[in-house]
1. Going by the structure shown, is Ala256 surrounded by 10 or more Cβ atoms within 10 Å (Cβ to Cβ) and assigned to a loop (DSSP other than H, G, I, E, B)?
2. Whether any residue in the range 277-284 is of a type in the set (Val, Ile, Thr) and farther than 29 Å from Leu202 by Cβ is what I want to check.
3. Kindly provide the set of residues from the range 7-51 that are modelled with pLDDT under 95 and in contact with a helix residue (DSSP H, G or I) (Cβ under 7 Å, 6 or more places away or on another chain), ordered by number.
4. Can you pull out the strands (runs of 3 or more DSSP E) entirely within the range 68-131 that have at least 3 residues that are assigned by TED's automatic domain parsing to the domain that holds Gln165 and over 16 Å from Thr148 (Cβ atoms)?
5. What's the number of the only condition in (1) in contact with a Phe, Trp or Tyr (Cβ under 8 Å, 6 or more places away or on another chain); (2) under 25 Å from Gly142 (Cβ atoms) that Pro246 fails to meet?
6. Just give me the residues in the range 38-50 being surrounded by 11 or more Cβ atoms within 10 Å (Cβ to Cβ), within 30 Å of the chain's Cα centre (by Cα) and without any contact (Cβ under 8 Å) to a residue 40 or more places away in the chain, in sequence order.
7. Condition check: touching a strand residue (DSSP E or B) at 6+ places or on another chain (Cβ under 9 Å) and outside any loop (DSSP other than H, G, I, E, B). Does Phe64 satisfy that?
Amino acid sequence: MAVALLLIGGLLPACQSLRYYAHVSHGQLELMGARQPIAGLLDDPALPPGRRQVLAQLLDARSFASDRLGLPRNGSYTAFVSLDRPYVTWNVFAAAEFSVEPLTHCFPVAGCVAYRGYFSPEKAEAEADRLASLGYQTWIGGTSAYSTLGWFDDPVLSSMLDEGQDDPVGVIFHELEHQRLYVRDDTAFNESLASFVQREGLREWRAARGLPAPDDARDLREREFVARALALRDALAGIYAEPITPQAMRRRRDEAIAGFRAWYGQRRRDWQADARFDRWVAGPITNAKLVPMGLYDRWVPAFGALFEACTGDWACFHRRSAELARQSPGDREARLDAMLPPATSSGGGAPKAHAHGAEP
């Protein structure tokens, strides 16, 4: 999954803020220092043929992003960094035991978001342990890419090319959309918009290059899974809102999660070799683990409707999404909700079903 890196320590207690700032600054500078221009790598005869093909394809997709999709034209994703780890960052999500609303963290540049990112899994685990000691449920998700929102020329990372990750072409489109438009304090808007651009941009790029369309059956399975996970999230929110004892809430929560796992067991048999969600379902399912589902997928269908209203014209789409960004949070949410197809609308601003890659 792809998200904006928080570069400033923000409103944390001073000593903790300084430690966090030092950590992310060191990680960012380390990445910037390791960048190698992709054009130069393609001239290197020692580059393995498979890697050469992928990097050449990504350089082509980078041009397509600006030429055809109206995304920023800059040095981002024209360089490559080979990492010695499976993810570039690890994000820590947290929520109270009886709430599906995330613990948020506020930063001067990125605004308030529902996670904290770390370049080290050990530091992410330490933060999760700290929050757990305060009574929060936590979940750590590894990310293959992130955006610095245009402050730096972000590179292609080897983690983006690993098996099981989203198509790196689409990830580049997603991250460049964050550079084009980012609304402080509205993760659901930012990520839903970028996820739509990722999906539609990838579809158009593959069609323009004569490549097979993205696997619709795979995409439908992913949508179905996330929709069911969001339904579980809504069910838990309803349980937590009832005037019952904590013991009763825990019992009913366990029953709801067991029902979700039973549903997955039945559907998994139909999905045959598609095991993408097995580990997610097998691990503990907590309020914190459900947080990214609602944040990244809420209004993807609404942006699809907006793109259709623009008859597939990207300039129109970008202009109208920017108009939404300028509205007040309440008006923006109301307009997006109004654009949702009836099957995905649940009123009251509840999270909607999806279309972004499942969290690692």
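1. Values: surrounded by 10 or more Cβ atoms within 10 Å (Cβ to Cβ): yes; assigned to a loop (DSSP other than H, G, I, E, B): no.
Criteria not met by Ala256.
2. Here is the first cut: in the range 277-284, the residues of a type in the set (Val, Ile, Thr) are 281.
Adding the requirement that they be farther than 29 Å from Leu202 by Cβ leaves none.
So far as the range 277-284 goes, no, none of its residues is of a type in the set (Val, Ile, Thr) and farther than 29 Å from Leu202 by Cβ.
3. Leu7, Ile8, Gly9, Gly10, Leu12, His23, Leu47
4. Numbers: elements: 79-81, 89-96, 105-107, 111-113, 116-118.
By residue number, 89-96.
5. (2)
6. Ala39, Leu41, Leu42
7. On the way: touching a strand residue (DSSP E or B) at 6+ places or on another chain (Cβ under 9 Å): no; outside any loop (DSSP other than H, G, I, E, B): yes.
Answer is no for this residue.
Residue by residue, here is whether (1) basic (Lys, Arg); (2) over 21 Å from Glu308 (Cβ atoms) holds:
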position: Glu163; (1), (2): no, yes
position: Asp166; (1), (2): no, yes
position: Glu175; (1), (2): no, yes
position: Asp185; (1), (2): no, yes
position: Glu191; (1), (2): no, no
position: Gly201; (1), (2): no, no
position: Trp205; (1), (2): no, no
position: Gly210; (1), (2): no, yes
position: Arg218; (1), (2): yes, yes
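The values are calculated or read from the model by the stated rules, or taken from the named source; none is laboratory data. Predicted, not measured: the structure shown is a model, and the values here were computed from it. Virtual Cβ from ideal backbone geometry, glycine too; neighbours counted across all protein chains shown.
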